[in-house]
1. Looking at (1) at pLDDT below 95; (2) surrounded by 20 or more Cβ atoms within 10 Å (Cβ to Cβ); (3) out of contact with any Lys or Arg (no Cβ under 9 Å at 6 or more places or on another chain), which one does Ala69 not meet, given that it meets all the others?
2. Collect the residues in region 37-66 that are part of a helix (DSSP H, G or I) and under 18 Å from Pro10 (Cα atoms), keeping them in residue-number order.
3. Is it the case that Ser145 is surrounded by fewer than 20 Cβ atoms within 10 Å (Cβ to Cβ), under 29 Å from His45 (Cβ atoms) and out of contact with any Gly (no Cβ under 7 Å at 6 or more places or on another chain)?
4. For Ala86, only one of the following conditions fails: (1) within 12 Å of the ligand (Cβ to nearest atom); (2) surrounded by 15 or more Cβ atoms within 10 Å (Cβ to Cβ); (3) among the aliphatic types (A, V, I, L, M); (4) without any contact (Cβ under 8 Å) to a residue 60 or more places away in the chain. What is its number?
5. Condition first: more than 17 Å from Glu174 (Cβ to Cβ) and assigned to a helix (DSSP H, G or I). Now tell me which residues in region 193-227 satisfy that.
6. Would you call Leu70 out of contact with any Leu (no Cβ under 9 Å at 6 or more places or on another chain) and touching a residue at least 12 places away in the same chain (Cβ under 8 Å)?
7. Restricting attention to region 93-121, which residues are more than 17 Å from Val149 (Cα to Cα) and under 17 Å from the mean Cα position of the chain (by Cα)?
Amino acid sequence: MKIDAVTIFPEYFAPLKLSLLGKASESGIVDFHIHDLRHFASNNHHSVDDTPYGGGAGMVMLPQIWGLALDPIMVDDTDLIILTPAGKRFDQAMAAKFSTARHLIFACGRYEGIDDRVRQYYSSELFVGRNIRVHEVSIGDYVLSGGEVASLVMIEAITRLLPGVLGNPESLNEESHNHDGYLEYPNFTKPSIWRNIAVPEILLSGNHAEITKWRNEQAQRRAEKNL
Ligand code: ADE
């Protein structure tokens, strides 16, 4: 999978070199490219934003600079993800869908967002032949200062679903969201007593049928508590 991210803060993406994401990148499972939007700003101050038409607070990111940044990477069969708190809520099902994509572009807006014509242009008929899908996505009902952190959240959730990224693919099967939406059961390791708190007896019993039953009950209880 190829992943491009366009941002005015490329440094935000340093964590892509760490841990599982770093390994996925080294082994060629994911091919990350981070683009500095300011490289496409030709004015003296390299400004990327201006005041909104119609008035109001804040600044809006300039469409022409986004166009220059996106055109060269907008190849056939691309999902363009525009991060905005007004977008569709990201969840595990969306992560699973994007994990089957060939090419993702994360457009990280700052300020009051990106001029809406960027979304309109790449969603338009001009691009139908090139098979471009545009998605406005939010990672939750709160406002971040920009889309960079939101992109990282999405990239981690999506890429760990790619074959070969997790050390033990079994963990994917065991995950809560693959179990009818139940959250996962609580886990314990050695020692069996820590600060006077004992691991539940059943887990030491070796009775796998009973352990599975107990875990399912615990997972369900947790899910109900979080409703
Ligand atoms: N940009 C600002 N807030 C955001 C959010 N909650 N999700 C995605 N992008 C954002």
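1. Condition not satisfied by Ala69: (1).
2. Leu37, Arg38, His39, Phe40, Ile65, Trp66
3. Answer is yes for this residue.
4. (2)
5. Glu201, Ile202, Leu204, Glu210, Arg221, Glu224, Lys225, listed by residue number.
6. It is false that Leu70 is out of contact with any Leu (no Cβ under 9 Å at 6 or more places or on another chain) and touching a residue at least 12 places away in the same chain (Cβ under 8 Å).
7. Result: Ala93, Met94, Ala96, Lys97, Phe98, Ser99, Thr100, Ala101, Arg102, His103.
For (1) touching an Asp or Glu at 6+ places or on another chain (Cβ under 9 Å); (2) not hydrophobic (A, V, I, L, M, F, W, C); (3) not in a helix (DSSP H, G or I), each residue gets a yes or a no:
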site	(1), (2), (3)
Tyr121	no, yes, no
Arg133	yes, yes, yes
Glu136	no, yes, yes
Val149	no, no, no
Ile155	no, no, no
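The values are calculated or read from the model by the stated rules, or taken from the named source; none is laboratory data. The structure presented is a predicted model; accordingly, all values stated were derived computationally and were not measured. Glycine also receives a Cβ, built like all others from the backbone with ideal geometry; neighbour counts cover every protein chain displayed.
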